[in-house]
Amino acid sequence: MANGEHSLVEKLKQQRDRFIAFAFAGADLLIEMDDADVVTYSAGAGEALYGISDSELLGKPLAEFVIARDRKKFTDSIQRLRNTGRLDHTQLTMVGTTGAMSRMRMAGIKLPQFPKGYHLVLSRISPVAEAETEKTATSTDPRVRFVEMVQQRLNEANRMGEEYTLTLFDLSASNFGNCEPAHLQSFFSTVHHTLESCSVRQSSAAPLHDRAFGVVHDNSVSAGAVQKKLAEVVKQFGSKVKGANLKMHTATLEMDDKSLSAEDIGKALNFIVNGFIRDGSQFAIKSLADGAKVAVEDTLVRVRNFRKMIKGDRLVFLYQPMVNIHTGGVMAYEAFGRISHDKGYFNPAQIIPFATDMGVIGEFDLIAVQKALATMKAAADISSLASIAVNVSGTSLGNPAFYHALLKILELNKPILARLVLEITDAARIYNLDEARRLLARIKRLGVRLSLDDFGSGGSAFDILKILPVDFVKIDSSYVFDAREKRGRSVLRALTSLTHDLGMTAIAECVEDSHMMAVLKDVGIDYAQGYFFAPPALDAARRIKYYKEHLKVADETAAAE
């Protein structure tokens, strides 16, 4: 055997070994198939997944274990594998001999040394992972989809021993003011197709937004060649369309990710894409590793800025009443945190997701509780009779350090704890409900009342309501809005009845008009909060107010209807 042939064989063996190693490290089942799509080899957790042993799989078409509605997808995927030699993760539902179904991811490769067959790997998808995948898949942000695609290509490059490069293009500095929309559409479509022709398998280019693109390419196409092809398209377009002033910024990044975790890669890619879109002309990152390093430094700066914002006198509260819809009396005022900025306010909702992701949301929650207690003790901004509801994240409640710090604050303020309501947000983030129940029960014994926010949204499932010892349940606004229709009203009535059966008080959020008040009375809800009564305001809790006039208007509207 010639040296060249020997080298090629060794390379193919390495490629096969990488794939098989990947199969056992990251998948549940490795399968070899022949050209008739019949299983010739199987190893892994087939019996657990399908209810059939590896030996029983042999000699059977894999399609027999694919649910009927997914068989065309399976057939198309295998055809794509034959045509391209590779198959990215494809989701399928598999059915075992017992009838049990499992959601699976299938990937594959066709190796030259096995000309009459191909290899597949299958991994079970957990329900949680599937929900997250579906949520992301429906995202309308092209940057999210682009980052996902690049991560898939990186995984593929690692499995196959390939080296890929990421090149970004931005034409947002161009002047298209005098161009006809049809010409612009044609131009950007041509740009996209040109980049795809240079990309891995001609399917690894995508928009970042309407005037920026990214492309993943291998060593067979240099970054300079990609730029040259795109420059030709730009030149051709510029010569034909009068008034167009085209400017193109580019950036090319090495994709060596050996020193990075999957989480670091995701953060680096997001930082790189967002930074390039923000200012392509000043973009200077040259590699994925550099992007990860700069992203970490940027995160530390943002954390420091976050801490500066929430300390001192910059955190202020706007108050909104929770009103008894039968008497007009106020049960409590929810305190909405705002950051004072110049002569206005900065909404923390714009930074809370960042604080949650960075693990510093507990700091914000503790400062908010301290601020609320200090305000009640001072009695300058709120009535001495008013109760205040303060939001506390479910993420914070899962942190032992936060819990002990909160308990210490509460112990120092026992005389006014009967006026404090802790409103639990993002309850789905509480990873240990039994532990949370014990902690919250201890807080309740100090006299603090507890409320569950946004019940019914996201992960606020019924087991949360069943386990956590809350006094009040705020029903998510989507159920309140849907109750304008008959079916929605039945659902809201059922939720209200459930809270009453559990000894809790139901509160309707985002009540905006008198018609909704009639609906709330009909389904048995006792308290409401929303702009129908009052918007959040600095002085809303300064004196106790009754909203009897609002109830009168609501009753008159209901009678007129």
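The values are calculated or read from the model by the stated rules, or taken from the named source; none is laboratory data. Model, not experiment: these values are computed from the prediction. As a convention, Cβ positions derive from the backbone with ideal geometry for all residues, glycine included, and neighbour counts pool all protein chains shown. Only protein heavy atoms, including side chains, enter the accessible area calculation; ligands, DNA and RNA are left aside. Shrake-Rupley method; radii C 1.70, N 1.55, O 1.52, S 1.80 Å.
Results, tabulated for the structure shown:
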{"quantity": "Residue list for the stretch 481-506, restricted to those being touching a strand residue (DSSP E or B) at 6+ places or on another chain (Cβ under 8 Å), under 17 Å from I464 (Cβ atoms), in a helix (DSSP H, G or I) and among the hydrophobic types (A, V, I, L, M, F, W, C)", "calculated": "L495"}
{"quantity": "Tally of residues being at pLDDT below 85 and either part of a loop (DSSP other than H, G, I, E, B) or basic (K, R) (or both) across the stretch 391-441", "calculated": "7"}
{"quantity": "Filter pass, I464 being over 24 Å from R338 (Cβ atoms), assigned to a loop (DSSP other than H, G, I, E, B) and either aliphatic (A, V, I, L, M) or in contact with a helix residue (DSSP H, G or I) (Cβ under 9 Å, 6 or more places away or on another chain) (or both)", "calculated": "no"}
{"quantity": "Cross-chain or 6+ apart pairs with Cβ under 8 Å, the stretch 329-343 first and among the hydroxyl-bearing types (S, T, Y), then modelled with pLDDT of 85 or more and not in a strand (DSSP E or B)", "calculated": "Y333/I382; Y333/A386; Y333/S387; Y333/A540; Y333/A541"}
{"quantity": "Enumeration of residues in the stretch 442-478 that are modelled with pLDDT of 90 or more and open to solvent by 20 Å² or more (accessible area, probe 1.4 Å)", "calculated": "R442, K444, R445, L446, G447, R449, P469, D471"}
{"quantity": "Test for F472: is it touching a residue at least 40 places away in the same chain (Cβ under 8 Å), of a type outside the set (K, R), touching a strand residue (DSSP E or B) at 6+ places or on another chain (Cβ under 6 Å) and closer than 18 Å to A427 by Cα", "calculated": "yes"}
{"quantity": "Test: residue in the stretch 334-356 that is of a type in the set (A, V, I, L, M), surrounded by 17 or more Cβ atoms within 10 Å (Cβ to Cβ), touching a Lys or Arg at 6+ places or on another chain (Cβ under 7 Å) and within 30 Å of E549 (Cα to Cα)", "calculated": "no"}
{"quantity": "Residues of the stretch 152-179 classified as of a type in the set (D, E) and without any contact (Cβ under 8 Å) to a residue 24 or more places away in the chain, total", "calculated": "0"}
{"quantity": "Some residue of the stretch 396-414 being open to solvent by 20 Å² or more (accessible area, probe 1.4 Å) and touching an Asp or Glu at 6+ places or on another chain (Cβ under 7 Å)", "calculated": "no"}
{"quantity": "Of all residues making up the stretch 319-339, the number that are in a strand (DSSP E or B) and more than 28 Å from the chain's Cα centre (by Cα)", "calculated": "10"}
{"quantity": "Scope the stretch 256-293; condition among the acidic types (D, E), surrounded by fewer than 20 Cβ atoms within 10 Å (Cβ to Cβ) and modelled with pLDDT under 85; matching residues", "calculated": "D256, E263, D264"}
{"quantity": "Flag if S387 is over 22 Å from I467 (Cα atoms) and in contact with a strand residue (DSSP E or B) (Cβ under 7 Å, 6 or more places away or on another chain)", "calculated": "yes"}
{"quantity": "Any hit, the stretch 232-249, residues being in contact (Cβ under 8 Å) with a residue 12 or more places away in the chain and of a type in the set (S, T, Y)", "calculated": "no"}
{"quantity": "Options F24, F19; residue that is at pLDDT below 65, surrounded by 15 or more Cβ atoms within 10 Å (Cβ to Cβ) and closer than 21 Å to M160 by Cα", "calculated": "F19"}
{"quantity": "K545 vs. criteria modelled with pLDDT of 90 or more, open to solvent by 40 Å² or more (accessible area, probe 1.4 Å), of a type in the set (D, E, K, R) and outside any strand (DSSP E or B)", "calculated": "no"}
{"quantity": "Residue count, the stretch 155-181 (criterion: assigned to a strand (DSSP E or B) and open to solvent by 10 Å² or more (accessible area, probe 1.4 Å))", "calculated": "3"}
{"quantity": "Residue among D526, D513, D555 that is surrounded by fewer than 17 Cβ atoms within 10 Å (Cβ to Cβ) and under 16 Å from T327 (Cα atoms)", "calculated": "D555"}
